[in-house]
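Below you'll find the structure, written out as structure tokens, and then a few comments.
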Amino acid sequence: MLLALILAITMLAGTGAMATEAGVNRGHAIAMFGEPRYPADFAHFDYVNPEAPKGGLLRLGVSGTFDSFHPYIIRGSAAVGVAAETLTVASEDEPFTRYGLIAETIEWPDDRSWVAFTLRPEARWHDGRPITVDDVIFSFETLKERGAPIFRFYFGSIEKAEQIGERTVRFTFSEAMNRELPLIAGELPILPKHYWEERDFERSTLEPPLGSGPYRVVGFEAGRHVVVERVPDYWGRDLAVNVGQNNFDRIRYDYFRDDTVVRQALKAGVIDYRMENQAKAWATDFDVPAVAQGWLVKEELPHERPTGLQAFVFNTRVPMFADPTVRKALAYAFDFEWTNRALFFGQYARTESYFSNSELASEGLPGGDELAILEAYRDQLPPEVFTRTYRPPSTDGSGWPRDNLSRAFELLAEAGWEVRDMRLVNLATGEPMRFEILLVSQAFERIVLPFVRNLQRLGIDARVRLVDQSQYINRLRAFDYDMIVVVWGQSESPGNEQRNYWGSAAAQSPGSRNYAGIADPVVDELIELLIQSPDRDTLIARTRALDRVLLWGHYVIPQWHSRVDRILFWNRFSRPEVLPDRGVNLDTWWFDADKAARLDRRLVTGEVAEATPGDRPSIALTAGLLAALLAAGYLLVRRSLRQRPQF
């Protein structure tokens, strides 16, 4: 304890890491709870290599298309690699702490009713002009008034932004004791006022916008590729928050029709890296000589980040799905155990929480602080919230869930549905149950079709509708669907974004992420309680209470998650020894010239890598055969590009 006190005094007196004057805190960083892990004089984050060399090219594959470089509005499909810098950045090894980037210092009162950021004098746009307070205020007002709906929700509690010094801007909040708001203000994308004043902010554009970050767009072909180049005189290259990161001279993003073609591109050597999200592909698509020889590295890396929720989502705005009993019944038609065994090679765990793989997930029956929170709403909640542990329906994995379908029939009868002439019909209206599952990925059809088969066994006319990316995005924004598959990512410190996920106001706001159309006053109040959590323990209890209420609302049919990152990359890169809890961070990797030279030599000569115990039998390829394979793969990829729909 004495040592901690001495260290704290030393930090305050020697480095100015954090100071408090008359209830006002000032420092280089701000944490959601407690103190930042890294002091003001830290040299770099622990999970980077500060000596990482700069140079080389990284080629990445993207599924889909793009027709805009404007990611801040709802029009168009925005390209990757064009995000703006923010006032602060997060570390990868803390639940939620923001460190100054464009902001040099951060100030806030004890009640967190406002926050002030003093900008770094050296911060510059790529055209050489300084980043000013005017830019910050313009960004806030423009994004909130004219940007995508998510900005209105996320920054909705920021009442105003005003200049209070030559380089200082203050955000005033409409809510007191919302601990997250100062950190949210720091996440504001900063846009150049002098650039956007001459352009229509609400129109999509294929003109790469002016930025301030470590990379800028130097080449592109609409819908096909984007090339970004590291800015040699980037103003923030020596900041502690950037040391050991942004190491590639160039990054090229090639767009492909779908993930199948991306995998071909990887195996052909057209792209360098992929994080694989399909279990079948991971198990079967990469049994190739390049992997056997160690040229194409295949690794599973564990992570401890929250996996959020992936699920079939009911659109409760659709009348047939407004009844929670119907939603509960249809969950019995999804056979996860068979799906995991037959289609996923047993690689996934069943998701049972909106905050899976984290301490925020509800467990068992509510107790302690969580129970006390829920007691206030007992009369408005299903009894199961207090008496049963939520578990999605399970099966024996045989592929014929007879007992589950029988239970589904019972629930549907309770809700006023029965089978007539092999069709499930509503007793009140005589209308059959008919709905569409909207998909954007062809690969996902094989997962959904067994679910559809079970729904048809219930007499339901369920069909899969596969659409292109642009149509899918537009239909999501307009809530024009019956059922979709969605992933809601979660952080270790959930907060204001929950309004956009489950809040009543978001349910009727096109473009929000309340895809299920949840409009429940209890959920609204629990979200506000969560946002106002004064400490970590309270946040956990309130998040678990919200999780439990959402689960028993039967708004979704939970799917699955993985606790590892599955990555493949050509062996010409290196990464730091320390892997942060959140998993793979490609920003910290670098081009390794020695590895690249060895790989190139092996590719040309067919040289066999040194075997290690457990390796598959080595297969030596002649230079001619390997060249033919690479050329064939490359031609396949380019041919697929030509066949891609143009938008």
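Here are the numbers for this structure:
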quantity	calculated
Extension gain from Asp127 to Glu299, taking 0.36 nm per residue of separation minus the Cα-Cα distance	57.8 nm
Contact order relative to length of region 53-94, as percent, for alpha carbon pairs under 8 angstrom and 6 or more apart	24 percent
Given charges at Cβ of Lys, Arg, Asp, Glu: the chain dipole, positive-most of His28, Thr307, Leu529	Thr307
Percentage relative contact order, region 232-340, counting C-alpha pairs under 8 Å, at least six apart	9 percent
Check: region 143-186 dipole with +1 on Lys, Arg Cβ and -1 on Asp, Glu Cβ, in debye	100 debye
Relative contact order %, the chain, counting alpha carbon pairs below 8 Å whose residues are six or more apart	19 percent
For the chain, with +1 on Lys and Arg beta carbons and -1 on Asp and Glu, the positive-most of Ile106, Gln456, Ala161 along the dipole	Gln456
Added length on full extension, which subtracts the Cα-Cα distance from 0.36 nm per residue, Glu35 to Ala283	85.0 nm
Full-stretch length increase - Val24, Ser406 - with 0.36 nm per residue and alpha-carbon distance subtracted	131.3 nm
Residue list for region 350-375, given a label point 7 angstrom along the Cα-to-Cβ vector of Phe444 and an amide N cut-off under 12 Å	none
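Readers should treat all values here as calculations from the given coordinates under stated rules, not as data from a laboratory. This one's a predicted model, so the numbers in the text were calculated from it and none came from an experiment. Cβ coordinates were reconstructed from backbone atoms using ideal geometry, including for glycine residues, and neighbour counts include every protein chain displayed.
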